[in-house]
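Only the coordinates and a few stated rules stand behind these numbers; no lab work does. Since the model is a prediction, treat every value here as computed from it, not as a measurement. Cβ atoms come from the backbone with ideal geometry, glycine included; neighbour counts cover every protein chain shown.
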């Protein structure tokens with residue numbers, strides 16, 4: 001298992017390099033630059049040229065990338081040009097908010113998704129199955145921006161149950177977490193349902209049924225346990241996806257977090273900050289996938305063998 | 001015992017009642033998109049500052065909506081006839097939030113702080129600062145700068161406390177911000193919110209405030225909400241007391257909402273259409289003039305903005321004296337003149353109404369940046385141009401990259417843009433040849449304009465002289481039609497029933513002087 005984990009970790013290095021290059025190039029190839037936000041009415045074209053040189057923006061892109069990469073391997077994400085603060089500090093201040101939001105959303109989509117999936121599989125093709133799965137599917141297809149505004153209008157403006165925006169109290173977490181969570185719920189419910197149905201058709205389940213083991217005992221103790229394998233992979237992938245999905249949601253709900261920070265940074269073309277935020281999101285996706293794989297490998301020895309580790 | 005408990009319960013009940021009946025001591029203000037994302041409150045280095053800045057810090061002078069100047073930290077000032085010396089008398093008894101005194105030495109330290117920063121241009125003309133006595137300071141100038149008072153009145157020239165400024169370095173304005181203003185910064189999260197608490201010692205307000213003492217709210221929270229719907233809904237549900245700048249798209253909804261009041265003050269913004277003078281067909285002045293006179297400003301004002309604000313007929317906001325140009329120089333809708341000019345330029349109406357010259361149709365590119373307001377505006381202008389025989393194809397470009405596209409210099413023809421500025425030097429910023437591409441989107445390069453620019457920018461000794469020189473320069477630029485003026489938005493504030501606004505809003509926007517007069521409702 002340890003060898004498997006090490007191999008799996010080593011695979012992340014080239015992925016990280018490729019991702020960092022893509023992140024760097026994408027933002028630099030988009031027109032516009034951070035100086036638009038630093039040049040004042042009254043300053044001269046010469047001052048603009050001086051600033052371009054000061055921030056190293058006159059160097060070839062590959063040189064700039066090399067410098068950035070050399071810095072990040074030592075743990076230094078550089079200083080934000082427009083924000084004028086260390087990128088690492090800005091990310092550290094905002095990350096806890098995103099983790100709290102992502103964590104709550106993940107918890108919501110996992111519990112609701114698994115419970116719904118189990119019930120839907122247990123009452124397969126019933127009215128309950130079709131209705132609930134239909135609703136969940138609908139929720140997951142709505143754009144998060146639109147869903148967020150719908151949530152605000154319904155639960156904050158109409159019923160006044162939760163605040164419209166901000167992060168000053170715990171209840172401000174509910175609507176944004178629901179907005180993000182709904183998309184994941186559908187996915188987890190579908191995967192759980194499909195796996196439960198597939199496993200319920202296997203021979204060992206028939207044997208258990210023949211032995212007279214009660215239905216719910218078979219479903220929860222035997223079928224669900226095995227159905228969790230694909231769910232684990234999905235959960236791992238969701239970790240990174242949720243942080244990425246939080247970008248628009250944080251913005252609409254005016255919440256602090258990596259998403260809000262990224263949107264501000266993108267608008268200002270604050271290169272080091274955009275790069276730092278995107279890198280964090282990419283790392284979250286990579287780690288999430290790794291965790292999912294490790295969890296699956298821990299539960300299923302065949303996978304470890306397939307990866308060549310014994 | 002029972003009676004005693006009853007008594008305490010009664011007292012507690014009364015106290016609670018009294019507490020709910022008393023006016024609220026706190027208020028929440030929301031800053032929307034345009035004010036979101038100021039990264040620091042360090043006035044000397046920041047290029048973006050928000051409303052809260054002028055509550056934490058004071059400036060030497062402040063400017064009223066009519067562009068007149070009033071002392072804030074300065075009690076009076078005078079300049080020598082040759083413009084080479086400015087002497088400021090400072091108010092006595094002024095203290096920073098940390099107890100340090102404010103005096104002439106503060107100014108002597110402060111001016112050099114701008115050197116090498118993005119805001120260096122504000123003090124560029126000052127050679128040195130002389131401390132005459134504890135409360136008198138003299139600026140010795142490298143060259144006359146009649147614009148000095150304007151610079152001193154901007155938020156970028158708020159005065160920070162020297163010791164804290166030096167001790168905190170880059171953290172000044174982020175973790176702490178010490179000024180002499182009516183509020184102290186308690187907490188600041190970039191892009192999220194700033195919490196201010198009242199400076200109870202404050203007693204040096206400018207004459208733009210009726211209230212000379214401490215502010216009326218104990219605590220103010222300035223939230224930053226970029227998403228306009230969310231900002232509006234916060235006000236509607238009572239989560240916020242005021243929208244500091246109402247997004248134009250929400251004006252009709254706020255006007256119809258009885259729970260919310262709307263107040264408008266003269267704006268400092270101008271919407272206009274730059275015309276790229278370096279590309280066909282706009283190299284021909286007649287085509288430019290024809291295009292400029294095809295824009296129906298009043299129709300835009302009424303149909304798009306419900307009559308809020310004013311039509312623009314020059315390049316400067318109408319509160320600036322330099323906008324008082326010869327009536328003949330003003331550019332306002334005249335379709336007959338427009339059509340005649342196109343005819344004279346050889347562009348004759350084709351069978352489908354679009355003009356044609358040498359077999360070529362009058363088709364141009366019309367750019368704008370994304371955002372609902374710009375999108376609607378550009379569609380109206382497109383229809384207005386079509387009415388005189390010009391077909392304009394719209395391109396909507398991301399706001400973050402549009403300036404880079406202008407820098408390519410020849411790819412754009414017409415555009416719809418806006419700027420916010422309360423000084424005539426904006427004519428230099430947008431029309432000086434050395435800034436071609438961006439900000440000189442019109443690619444305007446004219447020897448006579450350059451000559452008048454030099455006089456206005458560098459040869460004016462006094463404010464009146466500067467006004468006269470800039471008026472002349474502005475008038476000349478108007479006569480060359482490198483743009484079409486469109487609209488002057490008003491600044492709109494929307495507020496709920498928990499606060500009372502002063503009868504008159506003073507200053508060039510909702511800044512410190514007015515904020516001192518805002519009170520909790522009884």
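Here are some notes:
- Using C-alpha pairs under 8 Å with a sequence gap of at least 6, the mean separation divided by the residue count of segment A:25-105 gives a relative contact order of 21 percent.
- Bridge type composition, chain B - antiparallel percent by DSSP, nearest 5: 70
- Length-normalised contact order of chain A in % [C-alpha pairs under 8 Å, at least 6 apart]: 27
- Stretching the chain fully between residue A:287 and residue A:76 yields a gain of 74.0 nm (0.36 nm per residue, less the alpha carbon separation).
- Multiplying the residue separation of residue B:303 and residue B:132 by 0.36 nm and removing their Cα-Cα distance gives an extension gain of 55.8 nm.
- Global geometry of segment A:130-196, whether rounded, prolate or oblate, following the gyration tensor of its Cα atoms and the 1.5 cut on a/c: prolate
- Cα centroid separation, segment B:236-254 to segment B:368-428 (Å): 26
- Here the simple spin-label model places points 7 Å from the Cα toward Cβ, and for residue B:219 and residue B:454 these points are separated by 6.0 nm.
- Against chain A, whose longest principal axis is taken from its Cα atoms, helix A:174-200 shows a tilt of about 40°.
- Tilt relative to chain B, helix B:372-387 - C-alpha long axis, 0 to 90 degrees, to 10: 20
- Sequence of B:465, A:250 once ranked by neighbouring C-beta atoms within 10 Å, starting from the fewest: B:465, A:250
- Ranked list, fewest to most other Cβ atoms within 10 Å of each Cβ, for A:39, B:416: A:39, B:416
- Stretch gain in nm, segment residue B:352-residue B:330, where the contour uses 0.36 nm per residue and the Cα spacing is subtracted: 4.8 nm
- Taking segment B:122-152 and a reference point 7 angstrom along Cα→Cβ of residue B:75, the backbone N atoms nearer than 20 Å belong to B:130-139.
- Modelled FRET efficiency - R0 30 Å, residue A:100 with residue B:100, Cβ distances, 0.05 increments: 0.15
- Taking only alpha carbon atoms, the protein assembly as shown gives an Rg to Rh ratio of 1.03, where Rh is the Kirkwood radius.
- Global geometry of segment A:211-310, whether rounded, prolate or oblate, following the gyration tensor of its Cα atoms and the 1.5 cut on a/c: oblate
- Least to most buried among B:175, B:508 (fewest other Cβ within 10 Å first): B:175, B:508
- Estimated distance in nm for a label pair at residue B:253 and residue A:53, the labels positioned 7 Å out from Cα along Cα-to-Cβ: 5.0
- Taking every C-alpha pair closer than 8 Å and separated by at least 6 residues, the mean separation divided by the residue count of chain B gives a relative contact order of 20 percent.
- Whole-Å distance, taken between Cα centres, linking segment A:108-163 and segment B:256-293: 47
- Principal-axis tilt of helix B:463-479 within chain B, Cα atoms, nearest 10 degrees: 40
- Gyration tensor (alpha-carbon) shape descriptor, segment A:1-52, a/c threshold 1.5: prolate
- Estimated inter-spin distance, residue A:300 and residue A:217, nm [label 7 Å along Cα→Cβ]: 2.8
- Spatial separation of Cα centroids for segment A:190-249 and segment B:323-347, in angstrom: 74
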